[in-house]
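Written below as structure tokens is the structure these notes are about.
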Amino acid sequence: MQVYFDHNATTPLDEGVLAEMLPFLRQEYGNASSRHDFGTRARRAVNRAREQIAGMVNVQPVQVVFVSGGTEANNLFIRGAAAYMKPGRIVVSAIEHPCVARPAQDLVRQGWKLRKLATDVQGRVDLGDAEAALCEPTDLVSVMLANNETGVIQPVSTIAAMAREMRAWMHTDAVQALGKIPVDFEALGVHAMTLSAHKIYGPKGIGALVVDKRLELKPIIHGGGHESGMRSGTENVPAIVGFGAACELAARRMDELAQRSRDLRDRAEKGAANMGAQIFGRSAERISNTTYFAFPGIDGETLVIELDRAGFAVASGAACSSTSTEPSATLLAMGVAPELARGAVRVSFGAQNTAGEVEDFLQALGATVSRLQRLTAVAV
Ligand code: PLP
């Protein structure tokens, strides 16, 4: 059995979450918009999940708009908010996930100006650059709460305060932060926030855009007017129920999970550093389950494939762009040389991982790295 160390890509569905979903995959198949009893029970389940999610991020349930996942939520914010305005100016960080970066880039074709925020060498958005960028009139701002590759936590509340001064709408992609650090919509001072269930031991294909009630968005999917007209389509009741249950679970065990994964991460990181790995974002405040490193001269894809053979599932660069050979945009933004960036490997721990697995991993890593280094030495 492979050891799974790729929890930033996705997490296993928790058994308790599955148990809560099962009735809605079997006998409780009503459409939440129907007026009969079946529909009413489905609607009640959706409402309960909306409350659970709202409670997790400190908003009112009406602020939660269910969508198909983080990708759609990010697209809904950028496209939906822009559709309400004349072409203006959007500011995003240089390390956003492609589902923010690409729709933001797309606005340029519609006459928008795009400004990207630089990061420091640790992968933290540069507040000086944010201040400079937000001196000019701006309409939309999007800065993620925790980066999916490095795990570095971003200064979102400070940037949100700058955005508010400029009367811009501030969005944060909190997909990688949820369940790992406290995420409070009000305290962050944002107007919109993206969440996704499958990163917190919930089902895939469900997420939410959490919105300030004053934020006007044009829907990007039209139809029967579900989700207060913001996202049409029959609600995926089992997935929504699972998302709610996953939030409850995450809230309950967040501290314990963070401590456990920090122990594993620190152990792994120390071991990798002793073998000569360069660790990215190590001095920054990070979510505690993630380590991202490279061995000079060793290709990240190759290392991932070799570790896979040895029984360990890890990721190279950003998981979502693993079909691309381009070095990670996040690492390039941090000033990492492209050759070293191509070596990047991400290890992200989760609830089921153990210290024994980390020890075995370090052995496999050591053996693989020495073998690849010997091969490289012969080749040159
Ligand atoms: N945002 C971040 C930071 C992510 O890491 C991911 C997934 O990898 C997404 C958004 C996309 O979320 P989803 O897979 O739910 O579409």
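Computed quantities for the displayed model
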read-out: From Arg262, Arg267, Arg231, residue being touching a residue at least 60 places away in the same chain (Cβ under 8 Å) and assigned by TED's automatic domain parsing to the domain that holds Gly366; value: Arg267
read-out: Subset of segment 274-287 (residues that are under 14 Å from Arg346 (Cα atoms) and not basic (Lys, Arg)); value: Ala277, Gln278, Ile279, Phe280, Gly281, Ile287
read-out: Test: residue in segment 317-325 that is away from the ligand (no atom under 16 Å from the Cβ), modelled with pLDDT under 95 and not assigned by TED's automatic domain parsing to the domain that holds Cys99; value: yes
read-out: Matching residues in segment 229-242 - criterion: being in a loop (DSSP other than H, G, I, E, B) and surrounded by 24 or more Cβ atoms within 10 Å (Cβ to Cβ); value: Arg231
read-out: Qualifying position, being within 11 Å of the ligand (Cβ to nearest atom), under 17 Å from Ile53 (Cβ atoms) and surrounded by 21 or more Cβ atoms within 10 Å (Cβ to Cβ), among Ala174, Ala245, Ala146; value: Ala174
read-out: Residue that is farthest from Val121 (Cα to Cα), among those in segment 149-171 that are within 16 Å of the ligand (Cβ to nearest atom) and polar (S, T, N, Q); value: Gln154
read-out: Criterion violated by Val65 - all others in (1) more than 16 Å from the ligand (Cβ to nearest atom); (2) β-branched (Val, Ile, Thr); (3) more than 28 Å from Thr290 (Cα to Cα); (4) in contact with a helix residue (DSSP H, G or I) (Cβ under 7 Å, 6 or more places away or on another chain) satisfied; value: (1)
read-out: Helices (runs of 4 or more DSSP H) (entirely within segment 321-380) containing at least 3 residues that are out of contact with any helix residue (DSSP H, G or I) (no Cβ under 7 Å at 6 or more places or on another chain) and under 24 Å from Gln154 (Cα atoms); value: 329-333
read-out: Selection from segment 1-27 of residues that are within 16 Å of the ligand (Cβ to nearest atom) and assigned to a loop (DSSP other than H, G, I, E, B); value: Phe5, His7, Asn8, Ala9, Thr10, Thr11, Pro12, Leu13
read-out: Selection status of Phe280, buried (at least 19 other Cβ atoms within 10 Å of the Cβ), under 19 Å from Leu340 (Cα atoms) and under 19 Å from the mean Cα position of the chain (by Cα); value: yes
read-out: Of residues in segment 177-219 being of a type in the set (Ser, Thr, Tyr) and more than 18 Å from Ala258 (Cα to Cα), the one surrounded by the most Cβ atoms within 10 Å (Cβ to Cβ); value: Thr194
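The values are calculated or read from the model by the stated rules, or taken from the named source; none is laboratory data. None of the values given here were measured: they were computed from a predicted structure. Heads up, the Cβs are rebuilt from the backbone with ideal geometry, glycines too, and the neighbour counts pull from every protein chain shown.
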